[in-house]
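Throughout, read-outs are computed from the coordinates displayed, never taken from laboratory work. All values reported here derive from a predicted model rather than from experimental measurement. Every residue, glycine among them, receives a Cβ derived from its backbone with ideal geometry; neighbour counts consider all protein chains shown.
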Amino acid sequence: MKLSANQKRLIERVVNVFETGKPDGNYSAIAIFSDGPHNIRQITYGRSQTTEYGNLRELVGKYVAAKGIYSQNLKPFAEKVGSVPLTDDAVFKDLLKKAGKEDAAMRKAQDEFFEQRYFKPAMKWADANGFILPLSALVVYDSFIHSGGILWTIRQMFPENTPISGGNEIEWTTAYVNARHEWLAKHPRPIVQKTVYRTQFFKNEIKRGNWTLAKTPLTVNGVKVI
């Protein structure tokens, strides 16, 4: 996926708005949602929001290894994340907030973490399946951030093939966005249903024909992104 620096920047900024409401992201953002395994409560944290029972342990470990301002304080929690519930641990949450707000080492750790854990795997999937358009890249990256990847459940909802399999990229991406929109809207978890603003944004950009993301500003859930 050959993206210009500005196209990559726009993609990341759009997803940051999806996750924390700010184009630059909110590195100290913490929320508690009942969307963990078996609907248990879990922490979501950071610029693009990684989860307690997802990859938060990796991020905390990365920060601890970076020897940031709060690394020693967070070190005792590093091996607990994802194994011991920490949603009600005020000390842990306060340390995360302080590190995200005050320490450049945490911001650097998050930038590297989201790049390695989500952006590069998303672009690798896009490359392997023959995608070349920036809007498709954004759709794929958002799916990796929000759902961990391109879910087979959603792919089974429409017949279009990926470009590598002889399909048309615009037709596949449009069909995928429509199917994902329906899947989110009908999800058994109300909190997931509310995230249809993500796919509605994609539907709007597809309607505008903004496949290269050249038409800016982008209006993302009411926020202007340039």
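Pairwise Cα separations in the chain fall into 10 Å bins from 0 onward with the following percentages, short to long: 8, 33, 34, 20, 6, 0. Measuring from a point 7 Å past the Cα of LYS67 along Cα-to-C-beta, which residues in the stretch 105-119 have an amide N at less than 12 Å? The answer is none. Placing +1 on each Lys and Arg Cβ and -1 on each Asp and Glu Cβ, with no other charges, gives the chain a dipole about its Cα centre of roughly 380 debye. With the convex hull drawn over the C-alpha atoms of the stretch 40-128, the volume per residue is 96 Å³.
Inter-label distance, GLN156 to SER83: 3.5 nm, where each label sits 7 Å from its Cα along the C-beta direction. Using a Gaussian network model of the chain in which every pair of alpha carbons under 10 angstrom is joined by a spring, one finds that among VAL192, VAL14, VAL81 the greatest mean-square fluctuation is at VAL192.
For the stretch 118-226, the Cα gyration tensor yields ellipsoid semi-axes of 20, 18, 13 Å (square root of five times each eigenvalue, largest first, whole Å). Charge tally around ALA78: other residues with Cβ under 12 Å, Lys/Arg +1 each, Asp/Glu -1 each, net +2. The number of Lys pairs in the stretch 89-202 with C-alpha atoms less than 17 Å apart, excluding pairs fewer than 8 positions apart on the same chain, is 5.
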